[in-house]
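Before any comments, here is the structure.
The values are calculated or read from the model by the stated rules, or taken from the named source; none is laboratory data. Predicted, not measured: the structure shown is a model, and the values here were computed from it. Heads up, the Cβs are rebuilt from the backbone with ideal geometry, glycines too, and the neighbour counts pull from every protein chain shown.
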Amino acid sequence: MEKTDILSLSSEELAEQICAMGEKKFRAKQVFDWLHVKKVSDFSQMSNISAQFREQLSEKFCIYRPKIKKRLVSRIDNTVKYLYGLSDGSSVESVLMEYNHGNSLCVSTQVGCKMGCRFCASTIAGWIRNLKPSEILGQIYESERDSGKPVDSIVLMGIGEPLDNFENVVKFLKILSESGYSLRRVSLSTCGVVDKIYELSEMKLGVTLSVSLHAATDAKRSEIMPINKRYDLKTLMKACDDYFNATGRRISFEYSLIEGVNDDDSSADELIRLLGGKNCHVNLIPINEVKEREYKKSRSVERFQKRLCAAGLNATVRRTLGADINAACGQLRRDDLEEKHNN
């Protein structure tokens, strides 16, 4: 009999299964705390539960945790990049970064990506499957165990489009919240899956929405981001306005600066016209160059930022971390796939 993935169960689902085993409901609370607060990796570590019940749990459930295949540590800023091996042989990445406000972990939500953004390494090898809640949680728990550092904030900005794995991502957020982790410390990055933005806004989870914009006209954005052909900028901007009105959460717009594509003064002015008057933050990102793509890192980042700020937009440049270990998500998995192919 195949065992149940216990880390993917919400507290309510866990209680139902524990009660069905003939145990009282409070036992489910104990088990949930062991899994998601103390973050044990084996039922034998649940010391306030009888040996007999621990044995029953191990027969019915499995505690799934991804395995660290590679671990790269930056000599520049202590950024740690993990390549995690999954049970089916697939791999995903997460990146642990140190900031003044605490430790932030960038996690993956899919094995590969369908979105096809032309400057991104994650989409090159294509989409394989969605990650389960346990596989997203496992990236957090394993990085904390390995590093000995608490994860103070979480960014769903690794491999994959979170809103393309909507059901599992929402369940992950629910379990995270049930463990006592404030979802106000979670940022979800999307390239603009508009129908799911509306579903997310109705849930009022408290997460920060980060929208990957990267261009401020439909012609330019459609060229580098295929999803814009499905949801144009007018549709996307309305969804963002409605999200803010429904949740009160300020939206962050990510803008990767590409030399000669979207980094000149006219592009800055287009962005000012698009976002002017909105309660938002613009996160300017010096693009990570990918060998399979022709795009180059902009040399006009500071000028672009100054032009936005002069027009009244709140614009900052993302601090580049882990430059010596290719800390941008997708590159380590791509190298791993190449190694498998060559072998």
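What the table below lists for this structure:
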item: Residue 324 vs. criteria out of contact with any helix residue (DSSP H, G or I) (no Cβ under 6 Å at 6 or more places or on another chain), modelled with pLDDT of 95 or more and over 30 Å from residue 198 (Cα atoms); result: no
item: Any hit, the range 239-257, residues being among the polar types (S, T, N, Q) and modelled with pLDDT under 85; result: no
item: Filter pass, residue 284 being of a type in the set (A, V, I, L, M), free of Cβ contacts under 8 Å to residues at least 60 places away in the same chain and in a loop (DSSP other than H, G, I, E, B); result: no
item: Total residues in the range 116-139, condition crowded, with 21+ Cβ neighbours inside 10 Å and in contact with a helix residue (DSSP H, G or I) (Cβ under 9 Å, 6 or more places away or on another chain); result: 9
item: Residue check, residue 184 surrounded by fewer than 19 Cβ atoms within 10 Å (Cβ to Cβ) and either within 13 Å of residue 209 (Cα to Cα) or without any contact (Cβ under 8 Å) to a residue 40 or more places away in the chain (or both); result: yes
item: Filter result (surrounded by 22 or more Cβ atoms within 10 Å (Cβ to Cβ) and part of a strand (DSSP E or B)) within the range 197-211; result: 209, 211
item: Matching residues, the range 138-149, being assigned to a helix (DSSP H, G or I) and out of contact with any strand residue (DSSP E or B) (no Cβ under 9 Å at 6 or more places or on another chain); result: 141, 145
item: Exclusive hit being modelled with pLDDT of 85 or more, among the charged types (D, E, K, R) and outside any strand (DSSP E or B), set 307, 319, 333; result: 307
item: Residue match in the range 150-166 (condition: surrounded by fewer than 17 Cβ atoms within 10 Å (Cβ to Cβ), among the charged types (D, E, K, R) and in a strand (DSSP E or B)); result: no
item: Residues of the range 252-281 classified as of a type in the set (Gly, Ala, Ser) and assigned to a helix (DSSP H, G or I), total; result: 3
item: Subset of the range 114-136 (residues that are free of Cβ contacts under 8 Å to residues at least 60 places away in the same chain, touching a Ser or Thr at 6+ places or on another chain (Cβ under 8 Å) and not β-branched (Val, Ile, Thr)); result: 114, 129, 130, 131
item: Pairs with Cβ under 9 Å, 6+ apart, first in the range 69-90 and on the phi > 0 side of the Ramachandran plot, second of a type in the set (Asp, Glu) and modelled with pLDDT under 95; result: 78/98
item: Neighbours by Cβ (under 7 Å, 6+ apart or cross-chain): first from the range 217-237, among the aromatic types (Phe, Trp, Tyr); second in a helix (DSSP H, G or I); result: 231/194
item: Residues located in the range 22-44, provided they are without any contact (Cβ under 8 Å) to a residue 40 or more places away in the chain and surrounded by fewer than 14 Cβ atoms within 10 Å (Cβ to Cβ); result: 22, 24, 25, 26, 38, 42, 44
item: Selected residue (criterion: modelled with the lowest pLDDT) from residues of the range 1-20 that are of a type in the set (A, V, I, L, M, F, W, C) and farther than 14 Å from residue 49 by Cα; result: 1
item: Residue tally, condition at positive phi and modelled with pLDDT of 95 or more, over the range 21-44; result: 1
